[in-house]
Amino acid sequence: MRVFKFGGASVKSADAVRNVQKIIGQYSEQKNLVVVVSAMGKTTNLIEKIVLDVIKGEPFEHHIDELKNFHLTIAKELFQNPQANIFQQIEKLIIDLEGKLNLRYFSEEELYDQTVCYGELLSTHIVSAYLNQEKIPTQFLDARIYIQTDDNWREGNVDWTWTERMMKADVPKLIEENVVVTQGFIGGTINNKTTTLGREGSDFTAAIFGYCLNAENVCIWKDVPGIMSSDPRRVEDVTLFYKLPYKYAAELTYYGASVIHPKTIRPLALKNIPLHVNSFLNPEAKGTVIGDFETSPSLPSIIFKSNQTLIRFEEKDFLNVSKGDLGLVFSEFSKMNMKVNLIKNSALSLSICTNNEPKKIQKLEELFQDKFNIEIIDQMELVTVKNYKEDIIQQLGIDLSKVYMRQISFDTLQIVLKKEDLEL
């Protein structure tokens, strides 16, 4: 069996859904396939706006109408019968969402997980119903029942043993005669609460299904030809990788390559399941396969990680930074689930490049303001060059005098600077 994952861009319109149907019809043989679908287009962003309105106590009904009309418009283009059941399903899901928004939660993170999941629920109901209409028999599957996690809201930790047991008990029978359609990004707790697996986590969902069901392969369908040596929107001369070893691909995702979610590689590598990255715009093209290959690329790979914040902790009274102080800082980063993307310490200071999460950063500042002088610099960019060559800095037009952090380890260069100081 195989697992396909389609992201938001691949189902953003009625024409896009029709294209997904053609791909599934061509490649699936209408069985032995699990299809993981993300929320349509920018739906997740829209629901995040709704959640923010609720938190602020501001009206959100206009965003609910926008969400509803967006999905109804796509459905009306796909389904000629105005009495088709899908229209009632959309209405019901919107009503359910409104009900969830009016409940009380222990935290904003819990509110987020209980509501943002409706993007995936709406998209999978539409895709599943359309495939059935087009004579591809499907089985709708609620991922929240099968992917079991703890209640670490916004980045649930998977209970692999329980999840694998659940999937193996039901899914193999379902895919004998049907295409299983399920949601990316979401899971569930033992208490029937919804969790999310981390932003853009649908790739990880596909890997979970692949791992638990011992898939022949997993294919992620993107709007790019495959994995390239850099972002072609920012670097002119890029190379498409046709083959990548698991380890090399995992490094690229760790450094910030956005083509694949960082958690995707490991479960597939553990069972030697190939991961394909193909273009839904050109399904016949070769794309990239990630697998158990011995040879890694030798040419430079350049990864840009935007929306970064540099936090500098400086000891007061010119004291040296102690191991105990370092431990305290890292402990709080871990507790708040903040990412340490690059670190540099000197005798008097500790600098950490992290994702820009204003609320968490503010809390961190409040915790340590009595102990450290703290400097926070926003709108930074982390640039990583794998297989670094001396002329890369010049090619990228980087003025080293404007670099805030610079680190070279073995064959990898990482620098942190203001985004406007990149000439690309």
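What does the convex hull of the Cα atoms of segment 182-261 come to per residue, in Å³, rounded to a whole number? Write out the running numbers ahead of the final one.
Numbers: hull volume 10.1 nm³, N = 80.
It comes to 127 Å³ per residue, whole-number rounded.
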Quiz item: Okay, which of segment 400-423 sit inside 15 Å, backbone N to the point 7 Å along the Cα-Cβ direction of residue 258?
Solution: 419
Quiz item: Using heavy-atom solvent-accessible surface (probe 1.4 Å) with all chains present, what is the largest-first order of 321, 383?
Solution: 321, 383
Quiz item: To the nearest 10 Å², what's residue 62's accessible area with a 1.4 Å probe?
Solution: 110 Å²
Practice problem: Could you work out, for segment 213-317, what percent of all Cα-Cα pairs fall into each 5 Å distance bin, beginning at 0 Å and stopping at the bin that holds the largest distance? | Solution: 2, 12, 20, 23, 18, 10, 5, 4, 3, 2, 1, 0, 0
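Once fully extended, how much extra length lies between residue 173 and residue 150, figured as 0.36 nm per residue of separation less the alpha-carbon to alpha-carbon distance? Don't jump to the answer; show the numbers that get you there.
Values: separation 23, 0.36 × 23 = 8.28 nm, distance 2.71 nm.
Separation in residues times 0.36 nm, less the Cα-Cα distance, equals 5.6 nm.
What number comes out for accessible area per residue over the chain if the probe is 1.4 Å? Units Å², please. Please report the intermediate quantities before stating the final value.
Details: 20320 Å² over 424 residues.
Per-residue value: 48 Å².
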Quiz item: Got a number for carbon plus sulfur as a percent of segment 135-217's accessible area, 1.4 Å probe?
Solution: 45 percent
Practice problem: For residue 239 and residue 378, calculate 0.36 nm times their separation in residues minus their Cα-Cα distance, and state this gained length in nm to one decimal. | Solution: 46.9 nm
Quiz item: Can you give me the relative contact order of the chain as a percent, contacts being Cα pairs under 8 Å and 6 or more apart?
Solution: 13 percent
Practice problem: Provide Rg over Rh for the chain; use the alpha carbon set for both Rg and the Kirkwood Rh (inverse mean inverse pair distance). | Solution: 0.99
Quiz item: For the chain, what is the mean residue ellipticity at 222 nm derived from helices alone (per DSSP H run of n ≥ 4: -39500 (n - 2.57); sum divided by total residues; nearest 500 deg cm²/dmol)?
Solution: -12000 deg cm²/dmol
Practice problem: Provide the solvent-accessible area of residue 130, counting protein heavy atoms only and rolling a 1.4 Å probe, rounded to the nearest 10 Å². | Solution: 10 Å²
Quiz prompt | Inter-label distance, nm, simple model (7 Å from Cα along the C-beta direction), residue 314/residue 217 | solution = 5.5 nm
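Could you work out Rg/(2.2 N^0.38 Å) for segment 1-148, with Rg from alpha carbons only? Please list the in-between numbers first.
Working: Rg = 15.8 Å, N = 148, 2.2 N^0.38 = 14.7 Å.
So segment 1-148 has a normalised radius of gyration of 1.08.
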Practice problem: Order the following by accessible area, largest value first: 153, 160, 221. Probe radius 1.4 Å; ligands, DNA and RNA are ignored. | Solution: 160, 153, 221
Exercise. Using a cut-off of 12 Å between beta-carbons, work out the net charge of the residues near residue 134 (Lys and Arg +1, Asp and Glu -1, residue 134 not included).
Key: +3
Quiz item: If the cut-off is 20 Å between C-alpha atoms, which aspartates and glutamates fall inside it for residue 76, apart from same-chain ones fewer than 8 positions away?
Solution: 15, 65, 66, 91, 120, 134
Self-check item: Solvent-free Debye scattering, log10 I(q)/I(0), computed from the Cα coordinates of segment 380-424 at q = 0.21, 0.31, 0.32 Å⁻¹
Solution: -0.63, -1.31, -1.36
Exercise. Springs between alpha-carbon atoms under 10 Å, Gaussian network over the chain: tell me which of 258, 38, 128 tops the mean-square fluctuations.
Key: 258
Quiz item: Tell me, what are the semi-axes, in whole angstrom and largest first, of the equivalent ellipsoid of segment 99-158 as set by the roots of 5 times the Cα gyration tensor eigenvalues?
Solution: 28, 14, 7
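Whenever you get a sec, line up 295, 124 from highest to lowest accessible area (probe 1.4 Å, protein heavy atoms).
On the way: 295 110, 124 0 Å².
Ranking 295, 124 by accessible area, largest first, yields 295, 124.
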Quiz item: Taking the Cα centre of the chain as the origin and placing charges on Cβ (Lys, Arg +1; Asp, Glu -1), which of 256, 403, 327 is farthest toward the positive end of the dipole?
Solution: 256
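Over segment 332-424, what per residue volume does the convex hull of the Cα atoms give, in whole Å³? Don't skip to the end; give the middle numbers.
Values: hull volume 11.2 nm³, N = 93.
With only Cα atoms used, segment 332-424 gives 121 Å³ per residue.
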Quiz item: Relative contact order of segment 167-255: what whole-number percent is it, with Cα pairs under 8 angstrom and at least 6 residues apart?
Solution: 17 percent
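Excluding residue 50 itself, calculate the net charge of residues whose Cβ lies under 12 Å from the Cβ of residue 50, where each Lys or Arg counts +1 and each Asp or Glu counts -1. Could you put the intermediate results ahead of the total?
On the way: positive: 49, 56, 68, 100; negative: 48, 53, 58, 61, 65, 66, 98.
Combined, the nearby Lys, Arg, Asp and Glu give -3.
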Quiz item: Taking all protein chains as present, what is the carbon and sulfur share of the accessible area of segment 2-70, in % to the nearest whole number, probe 1.4 Å?
Solution: 46 percent
Exercise. Consider just the alpha-carbon atoms of segment 260-359 and return their Rg together with their Dmax, both in angstrom.
Key: 19.9, 64
Self-check item: Cβ-placed point charges (K, R +1; D, E -1), dipole of the chain about Cα centre in debye, nearest 20
Solution: 720 debye
Exercise. Among 285, 129, 249, determine the one that fluctuates most according to a GNM of the chain built with springs between C-alpha atoms less than 10 Å apart.
Key: 285
Quiz prompt | Inter-part distance where segment 99-153 and segment 259-277 are each reduced to a Cα centre, Å | solution = 23 Å
Exercise. Find how much the distance from residue 106 to residue 421 grows on full extension, using 0.36 nm per residue of separation minus their present alpha carbon separation; answer in nm with one decimal.
Key: 109.2 nm
Practice problem: Note down the nm distance, to one decimal, between modelled labels 7 Å out along Cα→Cβ at residue 389 and at residue 231. | Solution: 2.2 nm
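Taking the Cα centre of segment 146-190 as origin and charging only Cβ (+1 Lys, Arg; -1 Asp, Glu), how large is the dipole, in debye to the nearest 20?
Values: 4 positive and 8 negative charges, 9 e Å.
Result for segment 146-190 is approximately 40 debye, rounded to the nearest 20.
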Quiz item: What percentages, rounded to whole numbers, describe P(r) for segment 268-424 computed over all alpha carbon pairs with 10 Å bin width beginning at zero?
Solution: 9, 30, 28, 23, 8, 2, 0
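Provide the net charge surrounding residue 210, with neighbours chosen by a C-beta distance below 10 Å and charges set as Lys +1, Arg +1, Asp -1, Glu -1. Walk me through the intermediate numbers first.
Values: positive: 2, 5, 271; negative: 216.
Neighbour charge sum, excluding residue 210 itself: +2.
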Self-check item: Euclidean distance between Cα centres, segment 163-221 to segment 280-345, Å
Solution: 27 Å
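Mind scanning 56/335; 12/363; 42/386; 31/243; 42/339; 168/359 and naming the pairs with a C-alpha gap bigger than 29 Å? Spell out each step's value before the answer.
On the way: 56/335 25 Å; 12/363 37 Å; 42/386 31 Å; 31/243 27 Å; 42/339 24 Å; 168/359 40 Å.
Those over the limit are 12/363; 42/386; 168/359.
The values are calculated or read from the model by the stated rules, or taken from the named source; none is laboratory data. In this text the structure is predicted, and so the values were computed from the model without any measurement. No Cβ is skipped: glycine too gets one built from the backbone with ideal geometry, and neighbour counts run over all protein chains shown. Surface areas here come from the heavy atoms of the whole protein model, side chains and all, with no ligands, DNA or RNA. Shrake-Rupley method; radii C 1.70, N 1.55, O 1.52, S 1.80 Å.
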